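S.K.: After the structure tokens below, expect a handful of questions from me.
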Amino acid sequence: MNILYDERVDGVLPRVDKTRLIASLHEALPGLLVLHEGEDLKPYECDGLSAYSTTPMAVVLPDTVEQVQTIMRLCHAQNVPVVARGAGTGLSGGALPLEQGILLVMARFNKILELDPDARRARVQPGVRNLAISQAASPYGLYYAPDPSSQIACSIGGNVAENAGGVHCLKYGLTVHNILKVDIVTIEGERLTLGSEALDSPGFDLLALFTGSEGLLGVVVEVTVKLLPKPQTAKVVMASFDNIEKAGRAVGDIIAAGIIPGGLEMMDNLSIRAAEDFIHAGYPVDAEAILLCELDGVESDVHADCDRVRQVLEKAGATEIRLARDEAERQRFWAGRKNAFPAVGRISPDYYCMDGTIPRRALPGVLRGIEELSRQYSLRVANVFHAGDGNMHPLILFDANQPGELERAEELGAKILDLCVEVGGSITGEHGVGREKINSMCTQFKPDELTMFHAVKKAFDEKGLLNPGKNVPTLHRCAEFGGMHVHHGKLPFPELERF
Amino acid sequence: MDAMTASHDAAQSLQDEVLQAIEKRQALRIRGGDSKRNLGRPVEGKELDTRAHRGIVTYDPTELVVTVRTGTSLSELEAALEANGQMLPCEPPHYGEGATVGGMIATGFSGPRRPWAGSVRDFVLGTRVITGEGKHLRFGGEVMKNVAGYDLSRLLAGSFGCLGVITEVSLKVLPKPRQSASLRLEIDTHRALIKLAEWERQAIPLSAASHDGTALYVRLEGGEGSVASACDRIGGDRLPADYWEALREHRLDFFSDPRPLWRLSLPNHTPVLDLPGSVLMDWAGAQRWLKSSSAAATLRRLAEQAGGHAMCFTSEAGREPFHPLAPALLRYQRQLKQQMDPHGLFNPGRLYAEL
Ligand SMILES: Cc1cc2nc3c(=O)[nH]c(=O)nc-3n(C[C@H](O)[C@H](O)[C@H](O)COP(=O)(O)OP(=O)(O)OC[C@H]3O[C@@H](n4cnc5c(N)ncnc54)[C@H](O)[C@@H]3O)c2cc1C
């Protein structure tokens, strides 16, 4: 499967006169850093989905909002596609460039503009790293809640564009729940303020619409985030199970007991062993599954909840229950989980990280389905979940040097996503559609729904110049893809002609 | 189940009505219980009543998700959650007996717990909607995390029915807190705001805070231990828990003042403002109710200067209820409305004359 932009099904891109574009950029913005030659472009050819790369026509690195506005006006006038890029840690190819377009790198916007501890908010530029916000807030006993595992590197602008999550979403929400205001620049160069420092604003909720829109509706140039007081205390309970389905049921039992843990994560045997080998977290390598349940808040409540969780886990058939004895052990328990991806990377030449979500009750069935598919494709799958909110990250192990294995891994991945959709879930919980899951969108949405997405896009970017080919497939692509992908014995999109 | 609460899927007939409206180019006034009819601008149009489309479609408490048809009464939904020890954390106001789930989503108003728990839109996971082309579509779903495509579900929350007929919604719900205690403390507004800011940065489990000019009212929710120790620390007198419902439903004495009612939505930690009229603070000061006969322009300017906006809750011919939008923002909102509702069918002019 080749996911690079394909004009035949993704739509014809405008032809850009590179010389004219570069000349007019230099003329309009003499101080702007523009890269457009050979080696300079290399670092920008791909994002975190490194199996795919494209050399952009030019890379621009503005550092003022006015520059962004001028760039956008120029591109709008000359019909130049624009792909925005934050830190480039995205896992779905959202920041994959186009040969016929510019890559707008927002990394130089790296200042925290204002931090008001009494109002508990921070106004920051989009290139600021996620973790840098929490670090700046830390002296005031505050932090920014969404914590993607990539938080040391990813940018807040990228977080807004992907509606990024983390291990604490169940209790503290996603990016969309933790931002107050976003300033964007449209493709016409207009600066708009969405949301406000107040808790709501008049008119349609464009802040909600823009969050997770993957750079297709506008470029984020400023973000105001909410800060939360750091919890007084946090404890982690680790439970082992001899059967992964029991572990899955225990997750529901904890919630049924009226407890919303700060984090509730699950790992299967393959990931446990990989993580233990790498981090020495003290995981039980013989367990079929472990649950990590973090309880945070006020000391006395956390204490009471730990007892409750322990009882629930015992009843659910846990074979061993351990409360991290001290902060060092708690950190170790988490380090194992947070490093699960690289840990799996050590036991396989390559791995492919999936990101589907399912209703929790469907977990046992989906796990059996994944096991079945893993056998069918002869590829190992390690399972890591944000179990509390049903977000699974199956990691498909493969070797790209073996001819055909990457394709097999991708096909297996797409089948897993089909399974998620079948049980009422989604093809992406937090990594976004980007280019990677563009075909799977045809499984999750009907043509009329995709048409509605296209209509929304038109309201902000009539010419389709912002990040073309990402997030929402054309109906032509779905028709073509449907030809190869017969779902439940019938062809989707029967009303469209096939190519 | 009796006839009043029986589940009924009327989506097809709603869709037929929309299709007819498209054919006749007839504007629609979408209504549920009409409890919030006077909020926003009046709408001329054929009535589209959602109330026959009712009932809870799925509710699995361990998934923390409920899917409900929008014609269902809000009280019925709340009772079903209550029976399982759960709640809508945003604590939406009813403003009348027959309030429906659809009205709650479309207006997007949230109650006293909002600053700590989140707004109506924060809990929306998915919707089904009849569009301006008469299609019945589904966006989002029943899962907590879903970033496939644009988030149209959350966009529909607070859209006042101007973008489509919402027929079904999936909401995240939460367990009710184990313990809840409400207190009344006689301190002035200025000192109350300072106290609140201090408590907010510490481990005080606030879940509501209002001030009526004389006293500060707070609610504490959480585990037994945290609530007990916070009560000890704050002091004051015990307050009956139904105070919050009276505040939310505008049943306190304050609201019987005959002057127009304004809602000022302001940034956190906004100091006491010199407002012309009487003020009741909610949301720890981020939402201020104002009874005032001052000119709309004056009040809007005051709200704007403080970084917020003002909405008028008392309808009167010639007075715009919603705060005006910046021209560029209005232009994009209009483009969005035109794209999603190309025939201009749904609640035209309810938010702004141009939408
Ligand atoms: C090891 C690893 C672990 C990860 N763990 C998590 C996790 O736990 N949770 C999670 O949610 N994600 C995770 N991710 C994915 C990734 O880090 C997030 O998607 C992150 O939000 C991307 O931010 P970025 O700055 O790197 O954006 P980029 O990759 O540069 O861009 C991502 C998308 O956002 C757009 N974009 C970027 N900046 C802007 C802007 N200023 N305006 C408009 N559009 C913009 C791009 O066009 C692109 O579509 C992980 C990634 C890695 C490599």
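The values are calculated or read from the model by the stated rules, or taken from the named source; none is laboratory data. As the structure is a prediction and not an experimental result, all values here were calculated from the model. Positions of Cβ are backbone-derived with ideal geometry, glycine not excepted, and every protein chain shown enters the neighbour counts. The accessibility values were calculated without ligands, DNA or RNA, using every heavy atom of the protein model including side chains. Shrake-Rupley method; radii C 1.70, N 1.55, O 1.52, S 1.80 Å.
S.K.: Residue by residue through the stretch B:165-178, note down the ones that are facing chain A (nearest Cβ under 9 Å) and in a strand (DSSP E or B).
M.R.: B:174, B:175
S.K.: Only one residue in A:321, A:358, A:290, A:279 is open to solvent by 30 Å² or more (accessible area, probe 1.4 Å), aliphatic (A, V, I, L, M) and under 22 Å from residue A:396 (Cβ atoms), so which one is that?
M.R.: A:279
S.K.: Shifting gears a bit: Is there any pair with a first residue in the stretch A:121-141 that is within 12 Å of chain B (Cβ to nearest Cβ) and a second that is within 12 Å of the ligand (Cβ to nearest atom) whose Cβ atoms are under 8 Å apart and which are 6 or more apart or on different chains, and what are they?
M.R.: A:123/A:222; A:123/A:223
S.K.: Of all residues in the stretch A:75-92, count the ones that are near the ligand (Cβ under 8 Å from one of its atoms), part of a loop (DSSP other than H, G, I, E, B) and closer than 20 Å to residue A:10 by Cα.
M.R.: 1
S.K.: A further question follows. Pick from B:56, B:105, B:30: which is open to solvent by 40 Å² or more (accessible area, probe 1.4 Å) and among the aliphatic types (A, V, I, L, M)?
M.R.: Exactly one residue qualifies, and that residue is B:56.
S.K.: Among strands (runs of 3 or more DSSP E) lying entirely in the stretch B:1-115, which contain 1 or more residues that are polar (S, T, N, Q)? First the steps, then the outcome.
M.R.: On the way: elements: B:28-31, B:46-49, B:56-60, B:65-69.
Passing ranges, in order: B:56-60, B:65-69.
S.K.: Looking only at residues in the stretch A:429-439 that are farther than 24 Å from residue A:99 by Cβ and open to solvent by 10 Å² or more (accessible area, probe 1.4 Å), which one is farthest from the ligand (Cβ to nearest atom)?
M.R.: Checked the stretch A:429-439; the qualifying residue farthest from the ligand (Cβ to nearest atom) is A:431.
S.K.: Looking at B:210, B:229, can you tell me which residue is of a type outside the set (Asp, Glu) and not in a strand (DSSP E or B)?
M.R.: Result of the check over B:210, B:229: B:229.
Table: residues versus (1) within 12 Å of the ligand (Cβ to nearest atom); (2) of a type in the set (Phe, Trp, Tyr); (3) in a helix (DSSP H, G or I).
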| position | (1), (2), (3) |
| --- | --- |
| A:131 | yes, no, yes |
| A:136 | no, no, yes |
| A:139 | no, no, yes |
| A:149 | yes, no, no |
| A:153 | yes, no, no |
| A:181 | no, no, no |
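S.K.: Could you list, in sequence order, the residues of the stretch A:252-276 that are crowded, with 24+ Cβ neighbours inside 10 Å and in a helix (DSSP H, G or I)?
M.R.: Selection gives A:254, A:271, A:272, A:274, A:275.
S.K.: Has the stretch A:246-267 got at least one residue that is more than 30 Å from residue A:301 (Cα to Cα), within 16 Å of the ligand (Cβ to nearest atom) and out of contact with any Cys (no Cβ under 8 Å at 6 or more places or on another chain)?
M.R.: no
S.K.: So, one more: Do we have residue A:189 as within 12 Å of the ligand (Cβ to nearest atom) and within 13 Å of another protein chain (Cβ to nearest Cβ) here? First the steps, then the outcome.
M.R.: Details: within 12 Å of the ligand (Cβ to nearest atom): no; within 13 Å of another protein chain (Cβ to nearest Cβ): yes.
So residue A:189 does not fit the description; no.
S.K.: Among the numbered criteria (1) surrounded by 24 or more Cβ atoms within 10 Å (Cβ to Cβ); (2) in a loop (DSSP other than H, G, I, E, B); (3) at pLDDT 95 or above, which one does residue B:146 miss?
M.R.: (3)
S.K.: Which of (1) crowded, with 23+ Cβ neighbours inside 10 Å; (2) within 9 Å of another protein chain (Cβ to nearest Cβ); (3) of a type outside the set (S, T, N, Q); (4) over 30 Å from residue B:203 (Cβ atoms) does residue B:133 not meet, given it meets every other one?
M.R.: (1) is the only condition that residue B:133 fails.
S.K.: Keeping to the stretch A:166-195, report how many residues are farther than 18 Å from residue A:228 by Cβ and open to solvent by less than 20 Å² (accessible area, probe 1.4 Å).
M.R.: Summing the residues that are farther than 18 Å from residue A:228 by Cβ and open to solvent by less than 20 Å² (accessible area, probe 1.4 Å) in the stretch A:166-195 gives 9.
S.K.: Go through the stretch A:453-479 and count every residue that is open to solvent by less than 10 Å² (accessible area, probe 1.4 Å), of a type in the set (A, V, I, L, M) and within 10 Å of another protein chain (Cβ to nearest Cβ).
M.R.: Adding up the residues that qualify gives 2.
S.K.: Tell me which residues, restricted to the stretch A:1-25, are of a type outside the set (Ser, Thr, Tyr) and open to solvent by 80 Å² or more (accessible area, probe 1.4 Å).
M.R.: Applying the first criterion (of a type outside the set (Ser, Thr, Tyr)) to the stretch A:1-25 yields A:1-4, A:6-18, A:20-23, A:25.
Within the stretch A:1-25, A:1, A:2, A:8, A:12, A:15, A:17, A:20 qualify.
Residues checked against (1) at the interface with chain A (Cβ under 9 Å from one of its Cβ atoms); (2) β-branched (Val, Ile, Thr); (3) open to solvent by less than 10 Å² (accessible area, probe 1.4 Å):
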residue: B:297; (1), (2), (3): no, no, no
residue: B:304; (1), (2), (3): no, no, no
residue: B:312; (1), (2), (3): no, no, yes
residue: B:318; (1), (2), (3): no, no, no
residue: B:351; (1), (2), (3): yes, no, yes
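S.K.: While we're looking at this one, here's another question. Identify, please: which residue in the stretch B:170-188 is in contact with a Gly (Cβ under 7 Å, 6 or more places away or on another chain) and hydrophobic (A, V, I, L, M, F, W, C) and is, among those, least open to solvent (accessible area, probe 1.4 Å)?
M.R.: This residue is B:183.
S.K.: For the stretch A:411-428, how many residues meet the condition of being crowded, with 24+ Cβ neighbours inside 10 Å and within 12 Å of chain B (Cβ to nearest Cβ)?
M.R.: The qualifying residues number 6.
S.K.: Of everything in the stretch A:74-98 that's over 18 Å from the mean Cα position of the chain (by Cα) and in contact (Cβ under 8 Å) with a residue 60 or more places away in the chain, which residue is nearest to residue A:25 (Cα to Cα)?
M.R.: The extreme case among them is A:75.
S.K.: Then there's this: Could you list, in sequence order, the residues of the stretch B:243-274 that are open to solvent by 80 Å² or more (accessible area, probe 1.4 Å), acidic (Asp, Glu) and within 25 Å of residue B:295 (Cα to Cα)?
M.R.: Answer for the stretch B:243-274, where residues must be open to solvent by 80 Å² or more (accessible area, probe 1.4 Å), acidic (Asp, Glu) and within 25 Å of residue B:295 (Cα to Cα): B:253, B:274.
S.K.: Being away from chain B (no Cβ under 11 Å), within 28 Å of residue B:149 (Cα to Cα) and of a type in the set (D, E, K, R) narrows it down to one residue among A:200, A:242, A:205, A:183; which is it? Can you show your working first?
M.R.: Numbers: A:200 fails: away from chain B (no Cβ under 11 Å); A:242 fails: within 28 Å of residue B:149 (Cα to Cα); A:205 fails: away from chain B (no Cβ under 11 Å).
That would be A:183, the only listed residue that is away from chain B (no Cβ under 11 Å), within 28 Å of residue B:149 (Cα to Cα) and of a type in the set (D, E, K, R).
S.K.: Could you tell me which of the residues A:197, A:214 is more than 9 Å from the ligand (Cβ to nearest atom) and assigned to a loop (DSSP other than H, G, I, E, B)?
M.R.: Sole residue among the options that is more than 9 Å from the ligand (Cβ to nearest atom) and assigned to a loop (DSSP other than H, G, I, E, B): A:197.
S.K.: So, in the stretch B:60-81, exactly how many residues are away from chain A (no Cβ under 11 Å), open to solvent by 30 Å² or more (accessible area, probe 1.4 Å) and in contact (Cβ under 8 Å) with a residue 24 or more places away in the chain?
M.R.: 4
S.K.: Let me ask something else about it. Checking the structure you have, find out if any residue of the stretch A:441-452 is open to solvent by less than 10 Å² (accessible area, probe 1.4 Å), more than 10 Å from chain B (Cβ to nearest Cβ) and within 16 Å of the ligand (Cβ to nearest atom).
M.R.: For the stretch A:441-452, residues open to solvent by less than 10 Å² (accessible area, probe 1.4 Å), more than 10 Å from chain B (Cβ to nearest Cβ) and within 16 Å of the ligand (Cβ to nearest atom): absent.
S.K.: Next question. Quick check: is even one residue across the stretch A:11-19 among the polar types (S, T, N, Q) and closer than 23 Å to residue A:432 by Cα?
M.R.: No; the residues of the stretch A:11-19 include none that is among the polar types (S, T, N, Q) and closer than 23 Å to residue A:432 by Cα.
S.K.: What number of residues in the stretch A:1-26 are assigned to a loop (DSSP other than H, G, I, E, B) and within 32 Å of the chain's Cα centre (by Cα)?
M.R.: 12
S.K.: While we're here: Go through the stretch A:142-180 and give me each residue that's modelled with pLDDT of 95 or more, under 20 Å from the mean Cα position of the chain (by Cα) and at the interface with chain B (Cβ under 8 Å from one of its Cβ atoms).
M.R.: A:162, A:163, A:173, A:174, A:176, A:177
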